[in-house]
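The structure appears below as structure tokens.
Values quoted throughout were computed directly from the atomic coordinates according to the rules given, and no laboratory measurement underlies them. Because the structure is a prediction, the values reported are computed rather than measured. Methodologically, a virtual Cβ is constructed for each residue, glycine included, from the backbone with ideal geometry; neighbour enumeration extends over all protein chains shown.
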Amino acid sequence: MSSVKPLVLLLGAGANIGKAVVTKFVSSGFDVAAAARRLKDGQLSHGRWTFKIDLNRPNSVADLFSKAHYQIGIPNVVIYNDNCLTLDDDIAADICSHSCSSHISIGWEPALSVCC
């Protein structure tokens with residue numbers, strides 16, 4: 001009997017936090033799909049995929065969900081790791097709040113949404 005590994009989709013898989021998150025989930029037995037501006041669409045190995053995404057585009061998250069669902073299935077965990085501007089604390093919080101709400105509200109019901 002084969003078991004299916006849980007799938008994590010990481011949006012904003014950069015070289016620092018993103019790389020550490022991918023490493024942690026892979027070591028915990030997850031299949032991982034990483035999405036970032038500098039990545040290309042493709043399968044790296046069994047259970048590891050990459051997708052190109054520009055989180056500044058309003059429809060990019062919805063487009064990625066459609067593409068990922070078709071190619072690899074529905075993720076069990078979604079992590080939104082968008083980089084926000086740091087101007088001053090109040091302005092940055094407003095930008096992050098707007099960014100998350102405009103990108104995350106795409107007709108899906110996220111279990112947990114954390115920004116910045």
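Check which residues have an amide H placed less than 5 Å from Leu39's amide H, if you skip close sequence neighbours.
Ile53
What ranking do Val21, Val77 get, fewest neighbouring Cβ atoms within 10 angstrom at the top?
So the residues, fewest neighbours to most, are Val77, Val21.
Quick query: amide H of Gly14 versus all other amide H atoms, modeled in the peptide plane; which residues come in under 5 Å with a sequence gap of 5 or more or a different chain?
Lys19
Would you mind ranking His46, His69 by Cβ crowding within 10 Å, fewest neighbours first?
His46, His69
Given R₀ = 25 Å, what would the calculated FRET efficiency be for Gln43 paired with Ile74, taking r from the Cβ atoms and rounding to 0.05?
It comes to 0.90.
Using a 10 Å cut-off around each Cβ, can you sort Ser27, Ser60 from fewest to most neighbouring Cβ atoms?
Placing the least packed residue first, the sequence is Ser27, Ser60.
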